[in-house]
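The values are calculated or read from the model by the stated rules, or taken from the named source; none is laboratory data. All values reported here derive from a predicted model rather than from experimental measurement. A quick note on method: Cβ atoms are made from the backbone with ideal geometry, for glycine too, and the neighbour counts reach across all protein chains shown. With ligands, DNA and RNA removed, areas are computed over all heavy atoms of the protein, side chains included. Shrake-Rupley method; radii C 1.70, N 1.55, O 1.52, S 1.80 Å.
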Amino acid sequence: MNILLKSATIVNSNQKDIHLKQRDILIEDGIIAKIADEIEEEKATQIIRLENLHVSLGWMDTGVSFGEPGHEDRETIENGLLTAAKSGFTDIILNPNVHPVPDSSPDIVFLKNAAKNQLTNLHPLGTLTMNADGEDLAELFDMKNAGAVGYYDYKLPIKNSNLLKIALQYTQNFNGLVFSFPLDTQIKGKGIVNEGEVSTRLGLKGIPALAEELQIARDLFILEYAGGRLHIPTISAANSVSLIAEAKKKGLNVSCSVAVHNLFFTDAELEGFDSDFKVMPPLRTKEDSKALLKGIKSGVIDFVSTDHTPLTIEEKRVEFDNANYGTIGLESAFNALNALLGPEKTVNLLTQGRRTFGVTEPVLLEGQAANLTLFDPDTKIKFTEEHIYSTSKNSMFRNRTLKGRVYGSINNAKIVLN
């Protein structure tokens with residue numbers, strides 16, 4: 001199929017000659033055949049004209065959960081990848097938040113095979129330890145050869161300091177990426193939300209930012225000693241930004257991410273006891289959100305993640321204390337970030353990160369494969385359930401006014417439009 005995008009404004013700050021310029025783009029059999037001021041419509045079998053159409057390189061999300069295998073009632077791989085494609089994501093890093101957890105090469109192969117022939121590319125993470133129990137290292141090298149792009153005991157901190165040291169040393173042999181979730185469980189105790197004025201007023205047990213900061217400080221000391229590559233997913237506290245900034249100044253090979261909702265919301269949202277706002281790490285204070293945004297703008301924080309976590313009604317519509325942690329975020333990610341940061345910074349955030357995970361970076365040039373996201377950055381929308389494509393509907397962005405709309409994406413010689 002030959003696709004012609006008409007009058008598309010290209011957003012790609014790495015290519016100054018076409019950045020923010022309006023062009024026609026002809027795609028033939030999945031390859032960008034021509035980029036020009038105007039291309040004859042006779043050359044295409046599908047012509048796409050959309051209001052205020054903008055085009056960028058396809059977006060990547062560095063932290064997505066689905067459900068399959070084991071929790072297909074939350075989300076299947078097929079519908080999850082379709083949701084990602086409709087939300088503008090042509091690559092996703094898949095968290096090992098399934099049952100059984102992927103701790104061996106056959107598990108990674110299963111996930112890769114389940115995602116074949118889809119528009120959105122799935123890049124799985126394996127667990128760091130067998131059964132994600134924090135005791136013995138999983139089959140890291142074998143999983144790497146099978147397609148795993150990193151190792152993560154999902155939302156579980158590495159309690160054993162020596163285990164983290166050994167993992168960092170061992171993975172240097174094949175350039176593996178070790179994840180360490182930033183949470184000291186002893187400091188956390190029985191806390192479920194951010195410790196502060198709101199938790200005290202509501203009578204909810206709190207998790208101090210210290211629980212995150214202590215774990216990060218420990219991990220960075222171990223990284224400095226052992227070497228290797230460390231990724232700290234979804235930080236939430238102001239001092240975490242400072243700790244990682246100092247480590248980067250020392251030249252340590254550390255990266256980190258922040259969830260979109262930790263930029264957009266604070267613990268003030270807990271006043272209504274809505275379990276959609278129960279996430280891990282928790283929503284923190286306005287000062288924390290400001291520090292995270294500053295970390296994004298300065299480059300200390302490397303990636304923004306949706307931390308997309310589908311959960312069933314039975315897992316969410318219960319007493320707040322008993323509800324599972326998590327919110328979906330693929331469908332609202334661009335709109336929320338665009339409202340906070342504007343389209344150019346948002347696109348830059350959503351298109352960087354592939355190199356860290358060993359994922360091939362797309363190029364917006366004639367003769368290259370078309371890996372593109374189509375969007376309108378200017379239209380304001382009220383985000384409602386009709387914008388949710390996930391099987392589960394647990395979104396904390398519901399009924400919020402956001403900015404922009406995603407038209408769809410093109411990748412792997414396929415196109416998905418909303």
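The table for this structure:
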quantity: Largest-first ellipsoid semi-axes for region 229-279, taking √(5λ) over the Cα gyration tensor eigenvalues, angstrom; calculated: 29, 11, 6
quantity: Translational diffusion coefficient (Stokes-Einstein; Kirkwood radius from C-alpha pairs) of region 199-342 at 37 °C, 0.692 mPa s, in µm²/s; calculated: 205 µm²/s
quantity: Helical contribution to [θ] at 222 nm, DSSP H n ≥ 4, -39,500 (n - 2.57), averaged over the chain, rounded to 500; calculated: -8000 deg cm²/dmol
quantity: Extension gain from ASN145 to ALA268, taking 0.36 nm per residue of separation minus the Cα-Cα distance; calculated: 39.8 nm
quantity: Dipole magnitude (debye, nearest 20) for region 294-418, charges at Cβ of Lys, Arg, Asp, Glu; calculated: 300 debye
quantity: Magnitude of the charge dipole, region 235-288, Cβ model with Lys/Arg +1 and Asp/Glu -1, debye to 20; calculated: 480 debye
quantity: Filter on LYS6/LYS86; LYS159/LYS345; LYS248/LYS297 - keep pairs with C-alpha separation over 24 Å; calculated: LYS159/LYS345
quantity: Most to least accessible of GLU269, GLU314 (protein chains only, probe 1.4 Å); calculated: GLU314, GLU269
quantity: Residue (of GLN46, ILE77, VAL64) at the positive-pole extreme of region 36-80, dipole from beta-carbon charges; calculated: VAL64
quantity: Set LYS286/LYS382; LYS34/LYS382; LYS188/LYS393; LYS294/LYS380 screened for pairs whose C-alpha atoms are more than 32 Å apart; calculated: LYS34/LYS382
quantity: Sulfur and carbon atoms: percent of accessible area, the chain [1.4 Å]; calculated: 47 percent
quantity: Spin-label pair GLU386/ASN2, simplified geometry with 7 Å Cα→Cβ offset, distance in nm; calculated: 3.6 nm
quantity: By average C-beta atoms within 10 angstrom, highest first, the peptides 254-263, 177-186; calculated: 254-263, 177-186
quantity: Cα centroid of region 160-184 to Cα centroid of region 340-354, whole Å; calculated: 28 Å
quantity: Lys, Arg +1 and Asp, Glu -1 on Cβ, resulting dipole of the chain about Cα centre, debye, nearest 20; calculated: 960 debye
quantity: GNM result for the chain, Cα springs below 10 Å: residue of LEU402, LEU202, LEU164 fluctuating most strongly; calculated: LEU202
quantity: Å² of accessible area per residue within region 162-271, as computed with a 1.4 Å probe and no ligands counted; calculated: 39 Å²
quantity: Proximal aspartates and glutamates relative to LYS144, as straight alpha-carbon distance under 12 Å, when same-chain residues fewer than 8 apart are discounted; calculated: ASP103, ASP107
quantity: Largest-first ordering by accessible area, 1.4 Å probe, given options PHE174, PHE89; calculated: PHE174, PHE89
quantity: Where trypsin sites (Lys or Arg not before Pro) fall in DSSP loop in region 145-193, at most 16 other Cβ within 10 Å; calculated: LYS159, LYS190
quantity: Ranking by accessible area, most exposed first, for ILE410, ILE31 with a 1.4 Å probe; calculated: ILE31, ILE410
quantity: For region 343-418, accessible area per residue (1.4 Å probe, heavy atoms of protein chains only), Å²; calculated: 44 Å²
quantity: Accessible area of region 79-120 divided out per residue, in Å², using a probe of 1.4 angstrom; calculated: 33 Å²
